[in-house]
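Data block below; observations after.
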């Protein structure tokens, strides 16, 4: 066996070992991502349980937080209603354009929320009129928060 012939199996073995170790890294990364998502879901569930235990809460004179929900995945959704207004009252305006800058600013600039966004969390804000019809929905992710 020449040195080239003996080097081939070693090179092949090295390539196989490198591929196996890389696939192990992928498994570790996948496990870490799964643990992170599970931790986010657990934290979101605690927050949602606290809000939901209080029942509907007026946030200001026009907006009521009715409930929160976790999922799918690392997402927490806040369901708001506008008790003094029907969805038709917003037909001639872009409600989302009106409220999203303030929601985005308050959410994306919060240090604790920013950490969860970096870990893959999504925050959803859903607004409905007093007739139960959805008016607007805003989903905030790290990418959305990075946009001006």
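Since every read-out is calculated from the coordinates, none of them should be taken as a lab result. The shown structure was predicted, so the numbers you read here are calculated from the model rather than taken from an experiment. So basically every Cβ, Gly included, is an ideal-geometry build from the backbone, and we count neighbours across all protein chains shown.
Spacing of the modelled spin labels on residue 89 and residue 130, each 7 Å from Cα toward Cβ, amounts to 0.6 nm. For a label point 7 angstrom out from the Cα of residue 36 toward its Cβ, which stretches of segment 96-116 have the backbone nitrogen within less than 20 Å? In segment 96-116, the label zone of residue 36 (backbone N under 20 Å from the point 7 Å along Cα→Cβ) covers 108-116. Compactness ratio for segment 37-146: Cα radius of gyration over 2.2 N^0.38 Å (N = residue count) comes to 1.07.
Quick one: compute the contact order of segment 37-146, relative version, from alpha carbon pairs under 8 angstrom and 6+ residues apart, as a percent. Could the numbers behind the result be given before it?
On the way: 177 pairs, mean separation 28.5, N = 110.
For segment 37-146, the relative contact order is 26 percent.
Given R₀ = 25 Å, what would the calculated FRET efficiency be for residue 46 paired with residue 100, taking r from the Cβ atoms and rounding to 0.05? Computed FRET efficiency for residue 46 and residue 100 comes out at 0.40.
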